[in-house]
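Step one of this worksheet: look at the structure below.
The values are calculated or read from the model by the stated rules, or taken from the named source; none is laboratory data. In this text the structure is predicted, and so the values were computed from the model without any measurement. Positions of Cβ are generated from backbone atoms using ideal geometry, with glycine treated the same way; all protein chains shown enter the neighbour counts.
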Amino acid sequence: MSAGGHRRCAQVLNEALHEVFAARDDVDLLGEDVLDPYGGAFKVTQGLSDAYPDRVLTTPISEASLFGVAAGMALRGRRPILEIMFGDFVALGFDQIVNGISKFREMYDDQVTVPLVVRTPMGGRRGYGPTHSQSLEKLLLGVPNIVVVAASECHDLRALLVAAVEDERPVFLLENKLMYGRPNRRPEHRHVGEFEVRETGGPYPALTFSATGFSEGSATVVTYGGMLPVVLDAVTELVLEHEIFCEVVALSQLAPPELDPVLESVARTGALVTAEEGTLTGGIGAEIAARVQEAAWSDLRRPVQRVAARDGIVPSARPLEDAMLPSARDVVEAVLVLEAVRS
């Protein structure tokens, strides 16, 4: 057990996979190095190949082929879970994703479905360098007919995985690398630490955090995935050092966009900051900002601030990687800019 009695996120995901395999005989797992005793690069698939040898397929290094095989299995009535070892390699399957997986259901007049799940780790902060550290979820955001879900250490990881397997649509379940070794900090008595938490319904819920019982707030910070602990550190610093209180909305469903909790929070605070680990230009924060502006322009009383990685490749050297990727200090400074505009 982890500190505080919480299981590590990798353990929760592994247990959820075992639960899904036990409950359904139409689920298969495909991926590189997923066989025991290795059990995947981040050990999330450990034990599955020993327990279900006919339903766990270790594969060559050929991501484009893996997406095609998984799509074919889904079209034939299976529910494949495809593990892409690093999220960077999703790019190798883009033709299959954009011109096949996302289109089959409409092309064949709703007579087929493609209920596959793609699990993959995204993000940096581990010194893995330019091709193993990217956050490429924004590239998936513009593909119609797929679901993009970002897990965080405070979401119900078991429920997210089960919902993804049961979904009739193709689902990309993004798992931040640092999250794997951290406790799954689910709200207890509607709190995570000093923050009160509200959770939306639906299969892929959003979490909204407030240190004031949702009674006041200077800004809404919208984030997801591995940026959530960074943002929570930032808003804690804002309270302790500046007596500025913010609400934090942690999305899980990135596409199709689910912005009701964002709009509800912005209606209370009147200001918006977006925080993502991917690069700034064309990022998810830009899409959120545009949609909030369209839907609730009268609630925004100050300019939207965006926090993201600097445009460029992720360096291998840890000090340079830290300088490129967004930090809690970046979030603090974005909120302070809004405070300066207000004053």
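So which residues in segment 148-184 are in contact with a Phe, Trp or Tyr (Cβ under 7 Å, 6 or more places away or on another chain) and within 16 Å of Ser102 (Cβ to Cβ)?
Correct list: Val148, Val149.
Kindly indicate which of Gly129, Gly181 is touching a helix residue (DSSP H, G or I) at 6+ places or on another chain (Cβ under 9 Å), surrounded by fewer than 19 Cβ atoms within 10 Å (Cβ to Cβ), more than 24 Å from Thr281 (Cβ to Cβ) and of a type outside the set (A, V, I, L, M, F, W, C).
Step by step, each of Gly129, Gly181 is checked, and only Gly181 is touching a helix residue (DSSP H, G or I) at 6+ places or on another chain (Cβ under 9 Å), surrounded by fewer than 19 Cβ atoms within 10 Å (Cβ to Cβ), more than 24 Å from Thr281 (Cβ to Cβ) and of a type outside the set (A, V, I, L, M, F, W, C).
Mind listing whichever residues of segment 6-36 are touching a Ser or Thr at 6+ places or on another chain (Cβ under 9 Å) and either modelled with pLDDT under 95 or outside any helix (DSSP H, G or I) (or both)?
Arg8, Leu29, Leu30, Gly31, Glu32, Asp33, Val34, Leu35, Asp36
With Val304, Val235, Val248, Val230 as the choices, which residue is in contact with a Cys (Cβ under 6 Å, 6 or more places away or on another chain), within 23 Å of Ala206 (Cβ to Cβ) and buried (at least 18 other Cβ atoms within 10 Å of the Cβ)?
After applying the criteria, what remains is Val235.
Residues of segment 280-301 being in contact with a Lys or Arg (Cβ under 7 Å, 6 or more places away or on another chain), of a type outside the set (A, V, I, L, M) and buried (at least 18 other Cβ atoms within 10 Å of the Cβ), which ones?
Of everything in segment 280-301, those that are in contact with a Lys or Arg (Cβ under 7 Å, 6 or more places away or on another chain), of a type outside the set (A, V, I, L, M) and buried (at least 18 other Cβ atoms within 10 Å of the Cβ) turn out to be Gly283, Gly285.
For Leu263, only one of the following conditions fails: (1) closer than 30 Å to Pro130 by Cα; (2) surrounded by 15 or more Cβ atoms within 10 Å (Cβ to Cβ). What is its number?
Failed condition: (1).
Could you list, in sequence order, all residues of segment 131-171 that are among the polar types (S, T, N, Q) and under 12 Å from the mean Cα position of the chain (by Cα)?
Of everything in segment 131-171, those that are among the polar types (S, T, N, Q) and under 12 Å from the mean Cα position of the chain (by Cα) turn out to be Ser135, Ser152.
Of all residues in segment 283-308, how many are of a type outside the set (Asp, Glu), in contact (Cβ under 8 Å) with a residue 24 or more places away in the chain and over 23 Å from Ala151 (Cβ atoms)?
The number of residues fulfilling the criteria is 9.
Taking the criterion of being within 13 Å of Leu30 (Cβ to Cβ), in the same structural domain as Val20 (by TED's automatic domain parsing) and in contact with a Lys or Arg (Cβ under 8 Å, 6 or more places away or on another chain), would at least one residue in segment 98-117 satisfy it?
Yes, there is a match, as at least one residue in segment 98-117 is within 13 Å of Leu30 (Cβ to Cβ), in the same structural domain as Val20 (by TED's automatic domain parsing) and in contact with a Lys or Arg (Cβ under 8 Å, 6 or more places away or on another chain).
Can you find a residue in segment 89-108 that is touching a residue at least 12 places away in the same chain (Cβ under 8 Å), under 20 Å from Ala163 (Cβ atoms), touching a strand residue (DSSP E or B) at 6+ places or on another chain (Cβ under 6 Å) and surrounded by 22 or more Cβ atoms within 10 Å (Cβ to Cβ)?
Within segment 89-108, none of the residues are touching a residue at least 12 places away in the same chain (Cβ under 8 Å), under 20 Å from Ala163 (Cβ atoms), touching a strand residue (DSSP E or B) at 6+ places or on another chain (Cβ under 6 Å) and surrounded by 22 or more Cβ atoms within 10 Å (Cβ to Cβ).
Among the residues of segment 198-216, write down those that are outside any strand (DSSP E or B) and closer than 19 Å to Glu264 by Cα.
Answer for segment 198-216, where residues must be outside any strand (DSSP E or B) and closer than 19 Å to Glu264 by Cα: Thr200, Gly201, Gly202, Tyr204, Pro205, Ala206, Ala211, Thr212, Gly213, Phe214, Ser215, Glu216.
Which of the numbered conditions does Phe214 fail, given that it passes all the others? Conditions: (1) outside the structural domain of Val27 (by TED's automatic domain parsing); (2) surrounded by 17 or more Cβ atoms within 10 Å (Cβ to Cβ).
Of the numbered conditions (1) outside the structural domain of Val27 (by TED's automatic domain parsing); (2) surrounded by 17 or more Cβ atoms within 10 Å (Cβ to Cβ), the odd one out for Phe214 is (2).
Name the one entry in Arg119, Arg105 that is among the basic types (Lys, Arg) and closer than 30 Å to Gly312 by Cα.
Going through Arg119, Arg105 in turn, the sole match is Arg119.
Return a yes/no flag: does segment 217-234 have any residue that is of a type outside the set (Ser, Thr, Tyr), modelled with pLDDT under 95 and not in a strand (DSSP E or B).
Within segment 217-234 (the criterion being of a type outside the set (Ser, Thr, Tyr), modelled with pLDDT under 95 and not in a strand (DSSP E or B)), the answer is yes, since at least one residue qualifies.
Considering only segment 177-205, how many residues are hydrophobic (A, V, I, L, M, F, W, C) and under 28 Å from Met85 (Cβ atoms)?
The total comes to 2.
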